[in-house]
Amino acid sequence: MADVEVVTTSDGLAALADDWRALWARTPTARFCESFEWHWNAWDFSHQGTTSRPLIAVVRASGRVALILPLIVDRHAGLHRGRWLGARVAFYEGALVDRDAPQNNLLRLAWEALRVEGRLDYVTLENVPEGSDLDRLLQDHPGRFHERRPVHSVQWNDWVDWDDYWQSRRRRLRQDQGRQWRRLEAIGPVRFSGRLGGDDVADVIDWVIERKLEWMQRLGKRTGWFGERIVPFFRASVQDANRMGRLYVGQISVGGQTVAAEVGLADPGAVVAAVTTYAEKWRAYSPGRLLDERSVRWSLENGFPGYDFLTGTSQAEILHKSLWAEPRQWSSAYVIPFTGAGRAYVRWFSSGTRRQIRSAYTRWPELRRRLWLPGDEAGIQQPIE
């Protein structure tokens, strides 16, 4: 017999800490972004103090927590919208489930409880792994909007060794990578460092944040991956990942000077590329792409099953990620209505008019830079609204 509780307060979320951590610890495939720490940081730094409220389904079976489905409720377009608690960051999302529990039945219980308790007009759910139990549940929902997005990842069981993989990449890429390495080596000693966290990663984290903030300032951005609510969330989550042994740090230096750095997550299934950045003055040497090469290789040499570039949401992202990996899997994005107003919103959302407006909006940053106009635009990966 399963019991469902819906948590709707900050105190209620905090009280879940021990049960959430216990469920995460006994789930061998759990990602860091499914941990209590990730979601508490998302709430504490990104949502607490706003009009949002938690909406978390907790299912207990045989005396212990067997499933957690973490959403929040906010207002959008005058409607009550449900979305992932970690929705500000474009990582995979879903239910954390005890693998010994009857998953589909528990998911249906949790989903129905959220729908009723949340008094929602509609929900927006992104980055749901295609083929997952949650994905199959949402596929059956009437009136839904559904969008597939490619996930580019290197799966090492496809390749004999590094040379086998490297020869599969485009010849032009391999030649240009070699040329850029030689250009850097002509300046000074080039060093790549890849590691699983450590006590001395704070300086690298600070460097990554500073470069991202500089990038946002250059492009006139004020929100997005490194908006005012994202930086403290990112910093706290990276520190937690480091403490829990889930942090990957990659770094390239020339003559002792950092030119590019990456902060990723070392999950059971793959090293996950979270944030890669570089110093602007080294841009002509393609330092971010050089770091991609070394980080992908590091994942193989250190026994990880793969290297995951995450979901591509723009053509530019997809083109970059396709240099390194094919879309081996897909993620799903859903907008699902629950009320008449929600259904009207989804009809507009899926309309051609909405697509034209969104297309114009995403082109606006480039137009603004050409005309030297002030403004504030959204960040690297825009969630669907």
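Derivation of every value follows stated rules applied to the coordinates shown; laboratory data play no part. On a predicted model such as this, the values are computed, not experimentally measured, just so you know. Counting neighbours? That spans all protein chains shown, and the Cβs are built from the backbone with ideal geometry, glycine included.
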In the Gaussian network model of the chain, springs joining C-alpha atoms below 10 Å, which of Gln217, Gln48, Gln139 carries the largest mean-square fluctuation?
Gln217
Connecting C-alpha atoms closer than 10 Å in a GNM of the chain, tell me which of Asp206, Asp158, Asp19 has the biggest fluctuation.
Asp158
Here region 238-255 yields Karplus 3J(HN,Hα) values (6.51, -1.76, 1.60; θ = phi - 60°; whole Hz; Gly and Pro given as x) of 5, 5, 5, 4, 5, 4, 8, x, 10, 9, 10, 10, x, 8, 10, 10, 10, x
Interatomic Cα distance distribution for region 164-289, bins of 10 angstrom, percent
12, 38, 35, 15, 0
222 nm mean residue ellipticity, helices alone, for the chain (DSSP H n ≥ 4; -39,500 (n - 2.57); rounded to 500)
-12000 deg cm²/dmol
Take Ala202 and His76, extend 7 Å from each Cα along the Cα→Cβ direction, and tell me the distance between the two endpoints in nm.
3.7
³J(HN,Hα) computed for each position of region 152-169 - Karplus, 6.51 cos²θ - 1.76 cosθ + 1.60, integer Hz, glycine/proline x
8, 8, 8, 10, 6, 6, 7, 10, 5, 6, 4, 4, 4, 5, 4, 5, 7, 7
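By counting other Cβ atoms within 10 Å of each Cβ, how are Val272, Val7 ranked from fewest to most?
Working: Val272 24, Val7 20.
Result, fewest neighbours first: Val7, Val272.
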Springs between alpha-carbon pairs under 10 angstrom, Gaussian network model over the chain: which of Ala260, Ala22, Ala333 fluctuates most?
Ala22
How much net charge surrounds Trp159 when only the other residues with a Cβ under 14 Å from the Cβ of Trp159 are counted, with Lys and Arg +1 and Asp and Glu -1?
-3
Considering amide H positions built from the backbone, and no H for Pro or chain starts, which residues 5 or more places from Leu55, or on another chain, come under 5 Å of its amide H?
Leu71, Ile72, Val73
Taking every DSSP beta bridge with both residues inside region 153-329, roughly what % is antiparallel (nearest 5)?
90
With just the Cα atoms of the chain, tell me how far they stretch along each of the three principal axes, in Å, largest first.
66, 51, 37
